[in-house]
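The values are calculated or read from the model by the stated rules, or taken from the named source; none is laboratory data. These numbers were taken from a predicted model, which means no experiment stands behind them. When we count neighbours, we look across all protein chains shown, and the Cβ atoms used for this are built from the backbone with ideal geometry, even at glycine.
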Amino acid sequence: MLEVKNLTRRFGEHIAVDDVSFDVADGRLTGFVGGNGAGKTTTMRMIMGVLAIHGGEVRWDGRPITTADRQSFGYMPEERGLYPKQPVLDQLVYLGRLHGQSAPAARAAATELLERFGLADRAKDKVESLSLGNQQRVQIAAAVIADPVALVLDEPFSGLDPLAVDSMADLLREYARRGVPVLFSSHQLDLVERLCDALVILSGGHVVASGTADELRRSGRVRHRLVAGDDVGWVRDVPGLTVVDVDGPTALVELHDEATGTRLLTEALRRGSVREFAEVVPTVSEIYREVTA
Amino acid sequence: MTLMTDRRTTAARPDPSTDRPAVVERPWQVVAAREIAVKLRDKNFLISTFFTLVLIAGSFGFQAFLANRPHEATIAVTSPAAAAVVDQAEQAGVAAEVKLEWSVKQVPDAKAAEALVRAGDADVALLPGANGAQWRLVGERERDDTVSTWVEKVVGEQVLAEHATALGTSVEQLRAGSTVSYDLLDQDARDPGFVRVVGFAFAFLFYLAALIFGMQIAQSVVEEKQSRIVEILAAAIPIRQLLVGKIVGNVVMAVSQLVLFVGVGLVGLSFSPWAALLPALAGAAGWFLVFFLVGFVVLAAMWAVAGSLATRNEDLQSTSTPVTTLTMVILFGGIFLTGTGQLIASYVPLMSVVAMPIRLASGTAAWWEPLVSIGVTLILAVVLVRLAARIYSRSVMQTGTRLTVRQAMKLQG
């Protein structure tokens with residue numbers, strides 16, 4: 001498990017990351033969400049040891065993280081980069097060896113990854129001769145070349161076409177299934193909602209919400225929607241609930257307790273037909289807007 | 001595929017020592033190997049190395065050719081007596097182990113002889129003299145000193161012998177006590193001309209290698225910054241390992257190239273007329289390589305810093321100015337410093353890379369002097385490389401704008 005404890009980083013007077021704590025559990029896809037300047041990249045850079053930590057610590061397997069631990073991580077920085085003039089295969093082999101793989105192991109892993117990404121026939125081509133999409137695929141291969149024990153990916157989906165987004169998502173799920181903790185940042189909230197087991201929402205350098213998607217959705221007051229056959233203006237008079245919105249036969253309410261729900265439904269049925277009475281679970285986007293507002 | 005194999009079948013994380021290779025290469029070794037491989041695949045580098053080798057071998061071949069070529073001259077004469085003088089002069093020269101190949105052209109009179117010289121068919125004419133002199137030499141524009149030396153010598157001996165006979169004495173008696181001996185106090189002193197050539201060779205080899213391989217280091221640092229791969233590298237290995245790998249890789253290449261050049265130079269020397277100087281020069285050349293090794297480590301670190309301060313290749317021109325200037329100072333110091341200046345330079349780190357080997361070649365340095373000097377350089381190398389590593393690791397991640405050393409020192413990691 002990767003643990004981030006009270007991480008702090010200043011740039012001059014500005015505190016970019018302020019006392020940030022969260023966990024990335026083994027086998028969990030953890031989405032890292034936040035606006036521009038929220039501190040996601042700074043946090044990821046501190047996790048990877050690329051940026052000095054001004055306060056707090058990063059822990060791996062219950063102890064402070066070491067250089068050797070980080071060497072076995074897979075990392076994709078926000079600013080992508082490869083040697084433009086080096087052939088694709090050589091480059092992946094080089095990165096694999098920097099991660100501690102033997103030359104033959106790195107070569108085997110690189111060849112398999114290129115096959116997987118449909119780039120086997122481009123292995124000897126220079127990176128700069130590849131299309132941007134293919135360069136992006138090589139970049140992904142570079143992050144996972146050395147069979148990483150954890151993945152830290154900064155905006156792995158940016159710049160990918162829809163098909164590549166799907167195969168990237170598959171790859172992340174595959175690593176999570178193998179027990180690898182995966183932390184990735186993204187602006188695409190729908191994608192995060194679809195993919196993630198857990199979420200960390202960052203705003204202004206602080207964690208404003210974190211937990212599994214389900215926990216987050218139910219953390220606020222759960223709302224219910226009532227759709228009846230007739231006008232439902234009467235709900236305003238029902239005690240034990242807060243009316244969020246009433247529009248003809250539809251009402252959106254926040255129940256203060258379980259019993260009120262039963263009372264509301266009974267009352268509605270007494271007055272006529274009920275077409276719908278359901279819990280309204282907010283989307284991740286809605287939660288995000290709420291906590292970052 | 002192995003990508004899919006599940007390493008986590010048990011709850012416990014696999015022991016890193018079992019799933020990583022048994023013999024783990026140090027990251028700097030991998031980096032150094034890449035630097036070397038990139039250079040070995042660089043066609044420009046291979047071609048320039050090859051041509052430099054050809055140039056070195058060729059220049060020695062040319063020198064040997066010049067030295068072995070006999071002095072050729074065609075001498076116009078108007079009488080058998082003159083032909084005899086030419087013949088005796090040539091024999092005297094050959095007897096003194098000078099290679100001469102002279103031919104004689106007999107013509108009827110002085111006018112015809114001069115016409116031959118003017119037409120270029122003869123180099124010199126030996127004609128009867130005027131105003132009491134027995135002979136005179138006539139050339140076109142330049143004096144041929146080889147011809148005049150040996151002709152004067154033979155004619156002088158003949159005239160002296162004739163005068164001695166006329167006076168009833170012998171040449172030996174006339175000459176008795178006239179010789180002046182010339183003893184050299186420093187028997188080991190070497191030909192200053194030779195020392196100058198060696199000094200120039202050392203200075204220039206240093207300059208070329210320091211510039212070519214230094215620029216390579218700076219460019220590879222900028223390439224990593226500019227392409228942003230440096231962040232991936234920094235996450236995978238400590239940034240100092242990256243710097244050490246770069247320095248080691250390029251130092252290995254620079255020293256290997258220099259060994260090749262110096263080796264071919266020494267072999268060439270052994271076939272040249274100066275072969276006798278080989279033992280003395282080989283020692284100096286060996287020390288030159290040692291000094292270069294240590295000195296270039298320092299310069300390589302500086303070049304890496306120059307690269308890390310730049311954000312694009314175009315910035316290198318300005319960020320590398322201090323180190324290129326330093327290289328020039330060492331070059332010119334090596335060529336022009338003499339006496340006390342040279343003595344001081346041979347102890348100043350980096351300046352000593354060229355200055356000390358020159359002093360060794362000229363035989364003015366005692367055996368312990370290079371040891372002391374290299375010790376001083378080593379101490380500075382440790383300090384400077386550490387400083388360079390600090391600046392490098394701070395500035396290499398700054399991809400925004402070009403930095404100065406002062407700005408880089410203020411940066412946080």
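For this structure, a couple of remarks:
- Among the residues of the stretch A:226-237, not a single one is outside any loop (DSSP other than H, G, I, E, B), among the small types (Gly, Ala, Ser) and under 24 Å from A:Val208 (Cβ atoms).
- Identity of the residue in the stretch B:7-53, acidic (Asp, Glu) and modelled with pLDDT under 50, that ends up nearest to B:Val264 (Cα to Cα): B:Asp19
- Any hit, the stretch A:98-118, residues being within 20 Å of B:Arg228 (Cβ to Cβ), crowded, with 23+ Cβ neighbours inside 10 Å and within 8 Å of another protein chain (Cβ to nearest Cβ): yes
- Qualifying residue in the stretch A:129-142 (condition: on the phi < 0 side of the Ramachandran plot, facing chain B (nearest Cβ under 10 Å) and surrounded by fewer than 22 Cβ atoms within 10 Å (Cβ to Cβ)): yes
- In the stretch A:41-65, the residues that are in the same structural domain as A:Glu79 (by TED's automatic domain parsing) reach residues that are surrounded by 15 or more Cβ atoms within 10 Å (Cβ to Cβ) and assigned to a loop (DSSP other than H, G, I, E, B) with C-beta atoms within less than 6 angstrom, at least six apart or across chains, in these pairs: A:Thr41/A:Glu78; A:Thr41/A:Asp154; A:Met44/A:Asp154; A:Arg45/A:Leu51; A:Met46/A:Ile53; A:Val58/A:Ile65.
- Matching residues, the stretch B:179-208, being out of contact with any Phe, Trp or Tyr (no Cβ under 7 Å at 6 or more places or on another chain) and among the hydrophobic types (A, V, I, L, M, F, W, C): B:Val180, B:Leu184, B:Leu185, B:Ala189, B:Val195, B:Val197, B:Val198, B:Phe200, B:Ala201, B:Ala203, B:Phe204, B:Leu208
- Counted residues, the stretch B:142-156 - those being among the acidic types (Asp, Glu) and exposed (fewer than 13 other Cβ atoms within 10 Å of the Cβ): 2
- Any hit, the stretch B:249-267, residues being within 14 Å of another protein chain (Cβ to nearest Cβ) and either on the phi > 0 side of the Ramachandran plot or in contact with a helix residue (DSSP H, G or I) (Cβ under 9 Å, 6 or more places away or on another chain) (or both): yes
- Boolean, B:Leu316 is in the same structural domain as B:Ser220 (by TED's automatic domain parsing) and closer than 28 Å to B:Gln241 by Cα: yes
- Scanning the stretch B:313-328 for residues that are of a type in the set (D, E, K, R) and touching a Lys or Arg at 6+ places or on another chain (Cβ under 8 Å) yields a total of 1.
- Within the stretch A:53-75, at least one residue is in contact with a strand residue (DSSP E or B) (Cβ under 7 Å, 6 or more places away or on another chain), facing chain B (nearest Cβ under 10 Å), at pLDDT 90 or above and assigned to a loop (DSSP other than H, G, I, E, B).
- Flag if B:Leu316 is in a helix (DSSP H, G or I), surrounded by fewer than 19 Cβ atoms within 10 Å (Cβ to Cβ) and either at pLDDT below 90 or not small (Gly, Ala, Ser) (or both): no
- First in the stretch A:26-39 and in contact (Cβ under 8 Å) with a residue 24 or more places away in the chain, second anywhere and among the aromatic types (Phe, Trp, Tyr), Cβ under 8 Å, 6 or more apart: A:Leu29/A:Phe184; A:Thr30/A:Phe22; A:Thr30/A:Phe184; A:Gly31/A:Phe184; A:Phe32/A:Phe184; A:Val33/A:Tyr288
- The stretch A:4-25 residues that are within 15 Å of A:Ile201 (Cβ to Cβ) and modelled with pLDDT of 90 or more, paired with ones that are among the basic types (Lys, Arg) and surrounded by 15 or more Cβ atoms within 10 Å (Cβ to Cβ) (beta carbon under 6 Å, 6 or more apart): A:Val17/A:Arg9; A:Ser21/A:Lys5
- Breaking point among (1) more than 7 Å from chain B (Cβ to nearest Cβ); (2) assigned to a loop (DSSP other than H, G, I, E, B), for A:Glu79: (1)
- Subset of the stretch A:244-293 [surrounded by fewer than 14 Cβ atoms within 10 Å (Cβ to Cβ), without any contact (Cβ under 8 Å) to a residue 24 or more places away in the chain and assigned to a strand (DSSP E or B)]: A:Asp245, A:Asp247
- Restricting attention to the stretch B:200-244 and to residues that are of a type in the set (Val, Ile, Thr) and farther than 20 Å from A:Met48 by Cβ, the residue that is farthest from the other protein chains (Cβ to nearest Cβ) turns out to be B:Ile212.
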